[in-house]
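Below you'll find the structure, written out as structure tokens, and then a few comments.
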Amino acid sequence: MVLKHNNQLPNQHFRKEWQKNVRTWFDQAGRKKARRTARVQKAARIAPRPVDGALRPAVRCPTIRYNMKLRAGRGFTLEEIKEAGLTAKYARTIGIAVDHRRRNKSQESLELNVQRLKAYQAKLIVFPLKAGKPKKGDADAAEVAAAVQHKGAVLPIAQVAAAPEARAITAEEKAKNAYMTLRYARSEKRTLGAREKRAREKAEEEANKKK
């Protein structure tokens, strides 16, 4: 290490109670086994429900830096639940997460999540509360017998490709000057007040001439 300037030479001695500052991980293998055992026990406890939990909506990450990315949100809005023909109370009973605080800021997000709910409902197998007395919307005995526990993410979120497809530049686009278009727009904005004043004064002069 090269030292600069007229400073005291470092001579610190970090040798007091060094055991305090050492982190060991001797139980790594044991922790790994405990986590796996807990996962297996949870899957058996919640069966035949999906291992990954409730269905989550596809939402945009906040801020300009990350908003091109889709990720799983906390829960579906009440508007999305209504558009899909469900109620919030019933949706929670069939493995759909509901967030009453979230709001839909665009029609695109609303339609995306409504389609997500409808796709989930199409694949859903609802077990009857009482085996011998199925209600409307419940699965029949054959579907119940064939049902298996879903492992992995429930309807994984796929990123929507935002980049436009490559194409040839048209003659109209070649003829257009983007720089001058921006300069004209800037000039129009800057001189708007003066142009309006001039037009107003001209109208007043013509009105006075008619009198």
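The values are calculated or read from the model by the stated rules, or taken from the named source; none is laboratory data. Keep in mind that what you see is a predicted model, and the values were worked out from it rather than measured. Here the Cβ positions follow ideal geometry from the backbone for every residue, glycine too, while neighbour counts run over all protein chains shown. With ligands, DNA and RNA removed, areas are computed over all heavy atoms of the protein, side chains included. Shrake-Rupley method; radii C 1.70, N 1.55, O 1.52, S 1.80 Å.
In this rough spin-label picture, where each label sits 7 Å from Cα along the Cβ direction, the R65-A139 distance is 4.4 nm. What is the Cα centroid distance between the stretch 2-34 and the stretch 70-113, reported in whole angstrom? Distance between centres, Cα-based: 49 Å. Using a Gaussian network model of the chain in which every pair of alpha carbons under 10 angstrom is joined by a spring, one finds that among Q159, Q28, Q41 the greatest mean-square fluctuation is at Q28.
Using unit Cβ charges (K, R positive; D, E negative) and no other charged atoms, how large, in debye to the nearest 20, is the dipole of the stretch 77-192 about its Cα centre?
Numbers: 22 positive and 13 negative charges, 97 e Å.
Using only the charged Cβ atoms, the result is roughly 460 debye.
Which of these values of Cα extents along the principal axes in Å was calculated from the structure shown: [x] 45, 43, 35; [y] 102, 86, 41; [z] 94, 83, 43? Recomputing Cα extents along the principal axes in Å here picks out [z].
For the chain, excluding the exposed loop sites themselves (GluC sites (Glu not before Pro), DSSP loop, at most 13 other Cβ atoms within 10 Å), the longest remaining stretch covers 18-164.
Relative to the longest principal axis of the Cα atoms of the chain, the long axis of helix 28-46 makes an angle of roughly 90 degrees.
What is the magnitude of the charge dipole of the stretch 1-70 about its Cα centre, with +1 placed on the Cβ of each Lys and Arg, -1 on the Cβ of each Asp and Glu, and no other charges, expressed in debye to the nearest 20? It would help to have the intermediate numbers written out before the result.
Values: 18 positive and 3 negative charges, 60 e Å.
With Lys and Arg at +1 and Asp and Glu at -1, about 280 debye.
Pairs of Lys residues in the stretch 119-194 are counted when their Cα atoms are under 30 angstrom apart and they lie 8 or more places apart or on different chains; the count is 10. Relative to the Cα centre, the charge distribution of the chain, modelled as +1 at Lys and Arg Cβ and -1 at Asp and Glu Cβ, gives a dipole magnitude of about 920 debye.
Got a sec? Charge dipole of the stretch 125-211, +1 on Cβ for Lys and Arg, -1 for Asp and Glu; which of V160, M180, L129 is way out at the positive end? Ranked along the dipole, the leading option is M180. Here is the list for the stretch 61-105: chymotrypsin sites (Phe, Trp or Tyr not before Pro) lying in DSSP coil, each with at most 13 other C-beta atoms within 10 angstrom of its C-beta, are Y66. Springs join every pair of Cα atoms under 10 Å in this Gaussian network model of the chain, and among I169, I157, I46 the largest mean-square fluctuation is at I169. Springs between Cα atoms under 10 Å define the GNM used for the chain, and in it the highest mean-square fluctuation of A91, A142, A194 occurs at A194.
Taken per residue, the accessible surface of the stretch 72-127 reaches 63 Å², heavy atoms only and a 1.4 Å probe.
Order K69, K133, K89 by their accessible area, 1.4 angstrom probe, all chains in place, largest first.
Ranked list, largest accessible area first: K89, K133, K69.
Entry note, the chain: relative contact order of 18 percent, from Cα contacts under 8 Å with a spacing of 6+ residues. The angle between the Cα long axis of helix 192-210 and the longest principal axis of the Cα atoms of the chain comes to about 40 degrees, rounded to the nearest 10.
Projecting the Cα atoms of T87, N21, I64 onto the charge dipole of the stretch 1-135 (Cβ charges, centred on the Cα centre) puts N21 farthest toward the positive pole. Helix-only arithmetic for the chain: the sum of -39500 (n - 2.57) across DSSP H runs with n ≥ 4, divided by the residue total, places the mean residue ellipticity at 222 nm at -13000 deg cm²/dmol.
Using a cutoff of 8 angstrom between alpha carbon atoms and counting only pairs six or more residues apart, the relative contact order for the stretch 50-139 works out to 25 percent.
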